[in-house]
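The structure under discussion appears below in the form of structure tokens.
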Amino acid sequence: QVQFVESGGGLVQAGGSLRLSCVASGITFSTNAIGWYRQAPGKQREFVARINSGETTNYADSVKGRFTISRDNAKSTVYLQLNSLKPEDTAVYYCNLASFLGRHYWGQGTQVTVSS
């Protein structure tokens, strides 16, 4: 069974930083592109960042230059470094397969709250 477990969220002030972790299981981790997504209250889930098997990365325009995605295949873990956080970044952050057709299951996510 595919499973993603997110952690590392918390409450920070604007301008602060957090490091999120995502441990995956039930997939061949090293060959899959993994993405981070987020959902704010009253809004749809949106793409944040992705990293493929060759460690090529892509970011949403809203986070480009502030967030960094990375992966450690030995630990089946994807990270998201969030810097220069803004209140608009407040959301529940999820990780999952980057392929739309592969995103069958979602974890509980981790809450990121940025105060003014």
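In percent, how large is the relative contact order of segment 24-68, given Cα pairs closer than 8 Å and 6 or more residues apart? Please report the intermediate quantities before stating the final value.
Details: 45 pairs, mean separation 12.8, N = 45.
Once divided by the residue count of segment 24-68, the mean separation gives 28 percent.
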Open item on the list: For T57, project a label point 7 Å along Cα to C-beta. Then give me every residue of segment 10-40 with its amide nitrogen under 16 Å of that point.
Closed with: 17-22, 33-37
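In whole angstrom, how long is each semi-axis of the equivalent ellipsoid of segment 22-116, when you take the square root of 5 times every eigenvalue of its Cα gyration tensor and sort them from largest down?
Numbers: eigenvalues 96, 44, 27 Å².
Equivalent ellipsoid semi-axes, largest first: 22, 15, 12 Å.
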Open item on the list: Just to confirm, what accessible area per residue do you get for the chain at 1.4 Å probe, in whole Å²?
Closed with: 53
Open item on the list: Taking 8 Å as the Cα distance limit and 6 or more residues as the minimum spacing, I'd like the relative contact order of the chain as a percentage.
Closed with: 37
Task: Contour excess over end-to-end distance, with Cα ends at S116 and Q3 and 0.36 nm allotted per residue - done: 37.3 nm
- [ ] Multiply the residue separation of A74 and F100 by 0.36 nm, subtract the distance between their alpha-carbon atoms, and state the gained length in nm to one decimal.
- [x] 6.9 nm
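Give the Rg/Rh ratio for segment 1-40, taking Rg as the radius of gyration of the Cα atoms and Rh as the Kirkwood radius, to two decimals.
1.06
The values are calculated or read from the model by the stated rules, or taken from the named source; none is laboratory data. These numbers come from a predicted model, not from an experiment. Methodologically, a virtual Cβ is constructed for each residue, glycine included, from the backbone with ideal geometry; neighbour enumeration extends over all protein chains shown. Heads up: the accessible areas ignore ligands, DNA and RNA and are worked out on the full protein's heavy atoms, side chains in. Shrake-Rupley method; radii C 1.70, N 1.55, O 1.52, S 1.80 Å.
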